[in-house]
Amino acid sequence: MRKIEKAQRVLVVYTVNDRYAWEEMENLIETAGGEVIDYIVYVRSPNPAYYLGKGKLEKLKKMVEYYEAEVVVFDTTLTPSQQRNLQDYLDTRVIDRVELILDIFAQHATTREAKLQVELAQLQYELPRLVGLGKILSRLGGGIGTRGPGETKLEIDRRRILKRIAQVKRELKEVTIERKIQRKERLESGIPIVSLVGYTNAGKSTLLKILTDAQVYIADKLFATLSPKSRRSKLPSGREVIFIDTVGFVERLPHALVESFKSTLEEITYSSLIVIVCDAHARGRMEKHLKVVDEVLQEIGAASIPRILALNKIDLLDADELQVLQKTYSDAVPISARYGIGISRLLDKIEKAINREEQVYELTLPLNNLERFLRFRNHVTVISEKYNEKVMSVKFICSPEVYRRIAGYETEVRP
Ligand SMILES: Nc1nc2c(ncn2[C@@H]2O[C@H](COP(=O)(O)OP(=O)(O)OP(=O)(O)O)[C@@H](O)[C@H]2O)c(=O)[nH]1
Ligand SMILES: [Mg+2]
């Protein structure tokens, strides 16, 4: 069930005094298909029953009536009872930030995996909200509400949701196995993986396209990419890498979503290098966006992977702005993914970062079992090789990941 239908009139309740946060919320609502017609701001501590204080609540009620608003969106998380009370009092649909983001994800999911991941997040969000739904849902019809709030019905619904959760989890497991096989193949190829990560709408898919000539979906929408693509490509030296696109992050990303998309986000943890793509045109928001990216990377266990920062969309900046930016982020690479500016510098930096990770290793391998080493021959630089009738001693340079692959074989070496 969609929370916002096309062109529905939406009133917003902002809970922070931050122009950028308002802009982002408006963007989220538009991405979901709604139209923001007016807003109120409420930054005081939330009332347990209605979130809003009495005065603001009455004002909002009048606005709902005046505009005939179809949806009220709160830019925060509401408790199930606050949401229920608000819907009853305002006599219109009330949704919070989490539901809005889930709604966008649901609209953008195209692959089986993404659809299952979103459904799981939605079901988990719905479950605690099921108990004693107010009159509004029964009146609006559709979905759970049509059955009315009778206790036994609720119990039936609860069981139905739990059953569906179990089923979705089972189906996701199957899909995940497929992903694991692909990942294993990628890792075994020894080719370094470079993940493009960043805030939603930063230009990750556009960058993937220009780096690899891939056909990817690019849109001025939040969360355009839910089923990330990966593509092989060559660095300036001719060395191969795999670039992977990722799901965009957002401030206060619903935890249920991070959980559901874990298998997709997990891909990032297998990379040799992370390129953080950041919308440099987002000026005032940039630092916050970078902070969110950092937090998500920590949460998924990718904090220790080396990073490069790419400041994207510099075509939208004037010379002064660019200069200030370069001073503040002196290690970053300014680029325009759309117009192909700064891409070769970025590739050089990627290559250097990958090489920096590499070290000299030494191995002694039995001659009758060189297969594994030979498979990785293209991913190492051999410094010296020595043979006798039984073994080969080899000194070479490669990345720690490639070495791990070869070293698994080392244990089989017998003196
Ligand atoms: N002006 C300008 N626009 C850009 C540039 N790179 C990307 N864009 C635009 O920014 C918007 C978002 O680009 P995407 O590549 O879809 O962004 P994304 O990071 O993949 O977004 P999600 O998948 O939603 O997380 C699109 O409208 C792009 O055309 C750039 O260098 N300059
Ligand atoms: Mg994308």
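The values are calculated or read from the model by the stated rules, or taken from the named source; none is laboratory data. This is a predicted model, so every value here is computed, not measured. Glycine also receives a Cβ, built like all others from the backbone with ideal geometry; neighbour counts cover every protein chain displayed.
Observations on the structure shown:
- Meets criteria (in contact (Cβ under 8 Å) with a residue 12 or more places away in the chain and either loosely packed, with under 13 Cβ neighbours inside 10 Å or outside the structural domain of residue 183 (by TED's automatic domain parsing) (or both)) for residue 386: no
- Candidates 386, 327 - the one that is over 17 Å from residue 272 (Cα atoms) and not in a helix (DSSP H, G or I): 386
- Residues that are of a type outside the set (Val, Ile, Thr) and crowded, with 20+ Cβ neighbours inside 10 Å, drawn from region 90-105: 90, 93, 96, 97, 99, 100, 102, 103, 105
- For region 269-285, the set of residues classified as away from ligand 1 (no atom under 12 Å from the Cβ) and surrounded by fewer than 20 Cβ atoms within 10 Å (Cβ to Cβ) consists of 269, 270, 283, 284, listed by residue number.
- For region 304-322, residues that are within 12 Å of ligand 1 (Cβ to nearest atom) and either surrounded by fewer than 20 Cβ atoms within 10 Å (Cβ to Cβ) or part of a helix (DSSP H, G or I) (or both) total 4.
- Single unsatisfied condition, residue 36 versus (1) over 28 Å from residue 247 (Cβ atoms); (2) surrounded by fewer than 20 Cβ atoms within 10 Å (Cβ to Cβ); (3) modelled with pLDDT of 95 or more: (1)
- Screening residue 187 with (1) at pLDDT 90 or above; (2) away from ligand 2 (no atom under 16 Å from the Cβ) gives one miss only, at (1).
- Residue in region 199-208 that is away from ligand 1 (no atom under 16 Å from the Cβ), under 25 Å from residue 121 (Cα atoms) and not polar (S, T, N, Q) present: no
- Flag for residue 412 being under 21 Å from residue 271 (Cα atoms), among the charged types (D, E, K, R) and either at pLDDT below 80 or assigned to a strand (DSSP E or B) (or both): no
- Residue that is farthest from ligand 1 (Cβ to nearest atom) [pool: residues in region 330-363 that are surrounded by 14 or more Cβ atoms within 10 Å (Cβ to Cβ) and more than 24 Å from residue 244 (Cα to Cα)]: 363
- One residue stands out among those in region 172-188 that are out of contact with any Leu (no Cβ under 8 Å at 6 or more places or on another chain) and touching a residue at least 12 places away in the same chain (Cβ under 8 Å): the one that is nearest to ligand 1 (Cβ to nearest atom), which is 179.
- Residue ID - nearest to ligand 2 (Cβ to nearest atom), chosen from residues in region 205-255 that are over 25 Å from residue 119 (Cβ atoms), touching a residue at least 60 places away in the same chain (Cβ under 8 Å) and among the polar types (S, T, N, Q): 206
- Selection count, region 73-89, where residues are farther than 22 Å from residue 256 by Cα and crowded, with 21+ Cβ neighbours inside 10 Å: 2
- Taking region 57-166 and the helices (runs of 4 or more DSSP H) fully enclosed by it, the elements with 3 or more residues that are over 29 Å from the mean Cα position of the chain (by Cα), within 29 Å of residue 250 (Cβ to Cβ) and at pLDDT 85 or above are at 80-90.
- Candidate set from region 226-252 (those that are part of a loop (DSSP other than H, G, I, E, B) and of a type in the set (S, T, N, Q)); member that is nearest to ligand 1 (Cβ to nearest atom): 246
- Residue 87 meets the conditions (1) closer than 19 Å to residue 221 by Cβ; (2) out of contact with any Pro (no Cβ under 9 Å at 6 or more places or on another chain) in every case but one. The failed one is (1).
- Failed item, numbered, when residue 301 is tested on (1) closer than 30 Å to residue 127 by Cβ; (2) not in a loop (DSSP other than H, G, I, E, B): (2)
- Residue among 54, 59, 6 that is under 24 Å from residue 121 (Cβ atoms) and not hydrophobic (A, V, I, L, M, F, W, C): 6
- Any hit, region 152-172, residues being away from ligand 2 (no atom under 14 Å from the Cβ) and closer than 16 Å to residue 346 by Cβ: no
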